[in-house]
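The values are calculated or read from the model by the stated rules, or taken from the named source; none is laboratory data. None of the values given here were measured: they were computed from a predicted structure. Ideal geometry is used to build each Cβ from the backbone, glycine not excepted, and the neighbour counts take in all protein chains shown.
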Amino acid sequence: MKLLKNIRLLENEQLVEKEILFDEQQILRIADVIDEPHAEVIDGKGHTLLPGLIDVHVHLREPGNEYKETIDTGTMAAAAGGFTTIMAMPNVIPYPDNVETMKAYLEKIEADAHVHVIPYATITVREEGKEVVDMAALAAMGIHAFSDDGVGVQQEDVMRQAMRKSHELGTMIVAHTEDMRYRKPDACVHAGDEAHDRHWVGIPSECEWKQLERDLHLVEETGAHYHCCHVSAKESVELLARYRQKGCDVSGEVTAHHLLLNDRDVVGPNWKMNPPLREESDRQALIEGLKSGALTLIANDHAPHGEEEKQRPIEKAPFGIVSLETAFPLLYTWLVKDGVCTLSQLVSWMSTAPAKRFGLTRRGALQEGYASDMVLVDLEEEYIINRHRFRSKGKNTPFHGWRAQGRIKMTIVDGTIVYKEGKE
């Protein structure tokens, strides 16, 4: 047993002094004072304890592209960012699109991961968008979410078939919505005035929301459980709000970078991601979408790449940035400290809501009987983000040099300290 003393917990939007007793299975007790002489005492130094953060959209790259990231380095980056559970996207090699490959993948995760990792299976074989995977066999081994992230399922009849099967099994379709008819070769940023002025090929918002509109029609038809990845366009927010009002079981996520940046901020390849940073009106719509409930949660699309890849010209560099180690402090600084939202709202979007939406029982809150997954944060400490100190192999971030407040001090998974600031 361990006993965390000298900590603050969130209660009714207030930070109150508490103590928390836990073991490797669960939180045993939360009280003003706990007397347990046999417990190992940990001094929280007056910092704030939050439920472990949950990110449902992470690229670990292993197997297949270990030079970008490994399960070891990616989950260590997650721990350093306060995340105790992540969901791993399936665009690795080989694709986890069958039971045999998924079994080997799960064994590798069990051996190397520092935090909880829940893998997605693909929607279609090899993410080719042609043949739906054997969802029943994968569901039987405990896989409950399917995604072809990185590409949109282009054929409507294939997505309809996938949704019908997923609904029958009670699983979830998690969709990267991108209609490739709207994307030209070498497209790299949002198709707006900035792209025009800089002579860059742009990606219009229709590329995202037109396929989302198609998918939502199919959800209404099939009754599928559906989640939309990395929403970036105001039209997508409006569509999700409309179909949620209809009673469809749909949700959407937004990333930290889409909440904090717009297309005018783009300088080079480290600002290149898919979907791209869009206009300020889109950014404001994403914030309002979270506050209104049209968007359900924050998930960060952590996408590490090699240094050489991101040094190419912007039209040739790969899409994606790393985010696990910067998401919470950036959002705390620029949303909570600036009065855009409360700390409770941010914790809900980054922990409670992901746990609820993806059926992660006993996670997403600090309650007796819940899993002992927690993060200790110094909400007062300011520091400069330094990509060279990331635990991730990927250093591709637009936030290098930004001043942030809210330093992760300790991350606890299943009652074990897996990250402590300053300790290698």
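Condition first: in a loop (DSSP other than H, G, I, E, B), in contact (Cβ under 8 Å) with a residue 12 or more places away in the chain and charged (D, E, K, R). Now tell me which residues in the range 32-58 satisfy that. Outline the logic, then answer.
Of the residues in the range 32-58, the ones in a loop (DSSP other than H, G, I, E, B) are 32-39, 44-47, 52.
Right, trim to in contact (Cβ under 8 Å) with a residue 12 or more places away in the chain and you get 32-34, 36, 38-39, 44-47, 52.
Within the range 32-58, ASP32, GLU36, LYS45 qualify.
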Quickly run through the range 183-221 and pick out the residues that are crowded, with 22+ Cβ neighbours inside 10 Å, touching a Leu at 6+ places or on another chain (Cβ under 7 Å) and without any contact (Cβ under 8 Å) to a residue 60 or more places away in the chain. TRP209, LEU212, LEU216
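A quick yes/no check of all residues on (1) β-branched (Val, Ile, Thr); (2) in a helix (DSSP H, G or I); (3) without any contact (Cβ under 8 Å) to a residue 40 or more places away in the chain:
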residue: LEU60; (1), (2), (3): no, no, no
residue: ASN65; (1), (2), (3): no, no, yes
residue: ASP72; (1), (2), (3): no, yes, no
residue: THR85; (1), (2), (3): yes, no, no
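Being under 19 Å from ASP149 (Cβ atoms) and either of a type in the set (Val, Ile, Thr) or touching a Gly at 6+ places or on another chain (Cβ under 8 Å) (or both) narrows it down to one of ASP263, ASP301, so name that one.
On the way: ASP263 fails: under 19 Å from ASP149 (Cβ atoms).
The match here is ASP301.
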Looking at GLU307, GLU315, GLU288, GLU279 in this structure, which one is closer than 17 Å to GLY252 by Cα and among the charged types (D, E, K, R)? GLU288
Looking at (1) among the acidic types (Asp, Glu); (2) over 28 Å from TYR332 (Cα atoms); (3) touching a residue at least 40 places away in the same chain (Cβ under 8 Å), find the lone condition where GLU253 falls short. (2)
Exactly one of (1) under 30 Å from SER372 (Cα atoms); (2) buried (at least 20 other Cβ atoms within 10 Å of the Cβ) is unmet by LYS165. Its number? (1)
Of the numbered conditions (1) under 23 Å from ARG391 (Cβ atoms); (2) of a type outside the set (Gly, Ala, Ser); (3) buried (at least 21 other Cβ atoms within 10 Å of the Cβ), ILE118 fails exactly one; give the number of that condition. (3)
Does the range 385-402 include one or more residues that are surrounded by fewer than 17 Cβ atoms within 10 Å (Cβ to Cβ), over 20 Å from GLY320 (Cα atoms) and at pLDDT 95 or above? no
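Tally the residues that are over 17 Å from the mean Cα position of the chain (by Cα) and among the β-branched types (Val, Ile, Thr), restricting the search to the range 93-121. Spell out how you get there, then give the answer.
Quick first cut of the range 93-121, residues over 17 Å from the mean Cα position of the chain (by Cα) only: 93-112.
Then drop every residue that is not among the β-branched types (Val, Ile, Thr), which leaves 93, 99, 101, 109.
Of the residues in the range 93-121, 4 are over 17 Å from the mean Cα position of the chain (by Cα) and among the β-branched types (Val, Ile, Thr).
Which one of ALA136, ALA140 is at pLDDT 95 or above, surrounded by fewer than 18 Cβ atoms within 10 Å (Cβ to Cβ), more than 27 Å from VAL413 (Cα to Cα) and over 24 Å from the mean Cα position of the chain (by Cα)?
Values: ALA140 fails: more than 27 Å from VAL413 (Cα to Cα).
Only one candidate passes the filter, namely ALA136.
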